[in-house]
Amino acid sequence: MSGPQRRKKSQNLYYRKVVPEQLRPIIGKREIVESLGTPSWQEAEERWHRKEASVLAWFAKAEQELNGETLAEARRLVTAFLDRSEAKNLFREDVLLLGIRMCAARLLSALPNSKSLLDRSTCMVLFELEELEHRDDLSHLSHLIDEPKELDKLRLAPALESSKYNRGLSLISYPDRLLKAGVYDPLLGEAGMVLAGFEGKRSWPFYLMVCRAWAEALVFHRDPTWSEFAIESLHPYPQVILNTRPGEIAWPSEQLCVSEQERAPASVSRPETKRIISKRDHTISDAFELWKRYAQPSQKTLGEAKRAVERLKAIIGDVGITTITKSVVREFRDAVQELPAYTKLERLVSEGASAIISAAKAADPNYRMPSPKTVKKDFQLLAAIFGQAEREEWIETNVFADVDIAGYRRDSKRTIYPLTDSMMVKLFASPLFTGCNGKRDLDLTKPGEFIFQDELYWFFVPGVTLGPRLNEIGQILLADIESVTAPAGKYKGRTVHGTQVLRFTKNDSSARPFVFHSLLIDLGLMEYVERRRQAGETYLFDVKADKNGSFTKELSRRVNRYIDRAVTDDLRYVFHSFRHDFKGRADSSGVSTRVNDQITGHASVRGRSLRLRLAIPPERRGREG
């Protein structure tokens, strides 16, 4: 019973606490009973809480004293067991590796669906078992396993365990979880082997202490075959292990073995300190989900970020983010820069980065690698993800910030110029608008008798008259198009409202209505719209979004290739040149900067408008609106 209690023949309320059995030799009592010195419940409650804090602190000190003696003895027994194993020609590293695997298998068997959790080949690689049998006696430990995350991690484990430089590291988190939770049921069998031949008293608390010492040996030993990179990437305590000689065990201090401290009652007062979470609390996947929740990225940015995260997980594993150091990031960067361009994620997971790079170098020393710009984009996204984790105090520093990428320059972005008047005339006098030879992209540039009013045809006129981004045109829905209510004879037009679903815009100002020029109506745009509607289509143009949410990646290539073939092959002139041209023409016509930005969907940033105007020939620059 918690709280003040009454006793017969006394008006005052009492405090009563049973002393745990293992602490009775140190405390010297079976229970603690003391008068609270008052019959008032309100006063007694206050005094009870003060007494409770004092008694629990007393218990904690006694338990620490007890553990100090019994834990040291348990560690000596574990060391003696490993020495006996070596005397029988069993390497202690192999014994500990088997212990790690058996601990992981037993903890996973706590899940009700453990038998169907892993396929036979995975079980054989990881545990040398054909399948995992569910164990009801361990069901109470299922809360230590987050099943979706567990499956993601176990998919990578066979590839990691197949290398002698990583063996056991992908599973070492399982005994570490038992240490932190202070429960050792899956290790009772090994404790029995450790205690074989022990002639001292085998009390249940001492038995559990041997289990704890065995778990510490599994987590804090250094296998001589482990590489430093593998330790830094996968071990929950890399610095401790790196400072340990191969083949030895770094028996942890209480600061590392936090199970007792974390399980101490909340009522015991402790000095407040800024706490950085333990090294296995949050994985790379957790940090990605955190960033998604706060950043709310567009579908395109989300797809690119997911690609970067999956590549990181494929190379170093879905490890705790506090275990990722600057040296690990540099190793990852070097691996990414040396990978062959367009390497599939599945191949990266199955073969490993080192094997893929070696095979590529052997096949062709001058093989194509990712561009510095592509690698830099990945690292910028990873820096954003880890920056969010840093702001949430999941990590102390953002290790992906300010990472140098070989070959990348800040000014490497290509300059885009507006098309000149002669280029405009050349474009609209080209075969696409006057008559072409066929429907293939190459035939569209050759003179002939056909005019195909397809998406390529309709993309150019809105580009000139509205200055939109290519992606904005590509995602127009047929349901968006409606007639404009205006005085008769003023103008012809149709409005595209940015209020439908599936809108992926660059900024808030980009979600805007815009009016089609009457020239498009005269050219037959509305007839094209009706044909699309009758065919049961959803979008105005025959453009599908890719996996990253981009509606116009392939069409962008087609449009720019047409400009290269029919107008100029200068890479500074592309479809986006129409946007710059519109800004310049509107400015030289006296349209104010504010209205100009509203039409083009630019955020009203003065610096942006000035930068765009710098690319406009001097004769076409007007006064500031």
Residue among 324, 405 that alone is in the same structural domain as residue 305 (by the TED database), of a type in the set (Val, Ile, Thr) and in contact (Cβ under 8 Å) with a residue 60 or more places away in the chain: 324
Residues of the range 3-38 classified as part of a helix (DSSP H, G or I) and open to solvent by less than 90 Å² (accessible area, probe 1.4 Å), total: 5
Failed criterion for residue 84 (all others in (1) modelled with pLDDT under 85; (2) in a helix (DSSP H, G or I); (3) open to solvent by 70 Å² or more (accessible area, probe 1.4 Å) hold): (1)
Number of positions in the range 194-212 that are of a type in the set (A, V, I, L, M, F, W, C) and at pLDDT 85 or above: 2
Top-ranked residue in the range 327-363 [being outside any helix (DSSP H, G or I) and open to solvent by less than 70 Å² (accessible area, probe 1.4 Å); ranked as nearest to residue 160 (Cα to Cα)]: 352
Subset of the range 201-241 [outside any helix (DSSP H, G or I) and either of a type in the set (Asp, Glu) or open to solvent by 10 Å² or more (accessible area, probe 1.4 Å) (or both)]: 201, 202, 203, 222, 223, 224, 225, 226, 227, 237
Failed item, numbered, when residue 373 is tested on (1) more than 16 Å from residue 166 (Cβ to Cβ); (2) open to solvent by less than 70 Å² (accessible area, probe 1.4 Å): (2)
Any pair with Cβ under 8 angstrom, 6 or more apart, that starts in the range 517-532 at a residue that is under 20 Å from residue 582 (Cα atoms) and ends at one that is open to solvent by 60 Å² or more (accessible area, probe 1.4 Å) and part of a loop (DSSP other than H, G, I, E, B): 518/491; 518/492; 521/492
Which listed residue is acidic (Asp, Glu) and either surrounded by fewer than 16 Cβ atoms within 10 Å (Cβ to Cβ) or under 30 Å from residue 585 (Cα atoms) (or both), from 378, 443: 443
Residue in the range 371-389 that is without any contact (Cβ under 8 Å) to a residue 24 or more places away in the chain, of a type in the set (A, V, I, L, M, F, W, C) and in a loop (DSSP other than H, G, I, E, B) present: no
Every pair of residues 6+ apart whose Cβ atoms lie under 7 Å, when the first sits in the range 88-102 and is at pLDDT below 85 while the second is surrounded by fewer than 20 Cβ atoms within 10 Å (Cβ to Cβ) and acidic (Asp, Glu): 92/86
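The values are calculated or read from the model by the stated rules, or taken from the named source; none is laboratory data. Since we're looking at a predicted model, the values are computed, not measured. Here the Cβ is made from the backbone with ideal geometry for all residues, glycine too, and neighbour counts use every protein chain on show. Surface areas here come from the heavy atoms of the whole protein model, side chains and all, with no ligands, DNA or RNA. Shrake-Rupley method; radii C 1.70, N 1.55, O 1.52, S 1.80 Å.
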